[in-house]
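To start, the structure itself, in structure tokens.
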Amino acid sequence: MDVPHLFIQNKKVNEFNERVHNAATGEKFSIKAIDSVIGANSAQLRDKILSQIPDDPRKTKQIASNLQLSVGKRTEIALNVCTDDGMTNGAGNVVKKIQLNQIDKPLCTGIIWVQFDHSDVGEKTRHENRRLYVQGIESTWTPIKPITTQFAVGRNQTAQVVRKQFPLRPAAAKTIHRSQGDTEQKIVVNFNTRRSIPHIHYVGLSRVTAIEGLFITDLCEDKIAVNPHVALKWNI
């Protein structure tokens, strides 16, 4: 399970990441976001709006309601946090230490220490937070703190919710689409899909540096497709 897995469908990505979290033997938490409603003038209205928040990070600015983190497991930055420091959407890392202010009630308060795949990512953040590097904290680890983001909910998208959460997402598995630009020594790819998606096989297979590191669990060769415009141009 330590080898990155790629899937076409978000559902399979989520299922795999959950299995990895459940199987983790080290320290792990399910960290709950803190949500508040802008302009709710009664507890009843606030609770009604909060109940309408979709449990889908794609609809909440990529920030999860419950973030499952395990020490030693892969995550990535979920949205642009500090672009000039390389801490951008998709920046890969490994969780090294989880420091929550309330262990018995894991809310998004404290620090998640991660080690980025590339040493230059987070360099500025490490320098700005150098006072946090006490015994037991490696100099190559970067502190990830909660951020706040705002999104609309409700049938007419008129209610505004402010969410506080760590800007991370599990990345033991990810979609092939999201993996574009990645380069891995080993990957496990699953192309299971109900419909043909032009070039998705090329994208998935080209993420690995050598064929010896490529493992395919479902090629789904009957769904291999080329964009019609490309086929016309090259007379395919």
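The values are calculated or read from the model by the stated rules, or taken from the named source; none is laboratory data. What you are looking at is a predicted structure, and each value in this text was computed from that prediction instead of being measured. Cβ: placed from backbone, ideal geometry, glycine included. Neighbour counts: every protein chain shown.
Consider segment 59-79 and keep the residues that are of a type in the set (A, V, I, L, M, F, W, C) and touching a residue at least 60 places away in the same chain (Cβ under 8 Å). The one that is nearest to Val95 (Cα to Cα) is Leu69. Going through (1) over 24 Å from Leu69 (Cα atoms); (2) in contact (Cβ under 8 Å) with a residue 24 or more places away in the chain; (3) touching a strand residue (DSSP E or B) at 6+ places or on another chain (Cβ under 8 Å) one by one, Val162 falls short only on (1). If I filter segment 199-222 for residues that are under 23 Å from the mean Cα position of the chain (by Cα), in a helix (DSSP H, G or I) and loosely packed, with under 14 Cβ neighbours inside 10 Å, do I get at least one hit? Yes - at least one qualifying residue is present in segment 199-222. Output yes when any residue across segment 146-155 is closer than 30 Å to Ala33 by Cα, surrounded by fewer than 16 Cβ atoms within 10 Å (Cβ to Cβ), modelled with pLDDT under 95 and among the basic types (Lys, Arg), and no when none is. Yes, some residue in segment 146-155 is closer than 30 Å to Ala33 by Cα, surrounded by fewer than 16 Cβ atoms within 10 Å (Cβ to Cβ), modelled with pLDDT under 95 and among the basic types (Lys, Arg).
Residues in segment 54-68 that are surrounded by 19 or more Cβ atoms within 10 Å (Cβ to Cβ) and in contact with a helix residue (DSSP H, G or I) (Cβ under 8 Å, 6 or more places away or on another chain): Ile63, Ala64, Gln68.
Yes or no, residue by residue, for (1) surrounded by fewer than 17 Cβ atoms within 10 Å (Cβ to Cβ); (2) under 16 Å from the mean Cα position of the chain (by Cα); (3) assigned to a loop (DSSP other than H, G, I, E, B); (4) not assigned by the TED database to the domain that holds Lys28:
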residue: Asp84; (1), (2), (3), (4): yes, no, no, no
residue: Val95; (1), (2), (3), (4): no, yes, no, no
residue: Ile103; (1), (2), (3), (4): yes, no, yes, no
residue: Ser119; (1), (2), (3), (4): yes, no, yes, no
residue: Val134; (1), (2), (3), (4): yes, no, yes, no
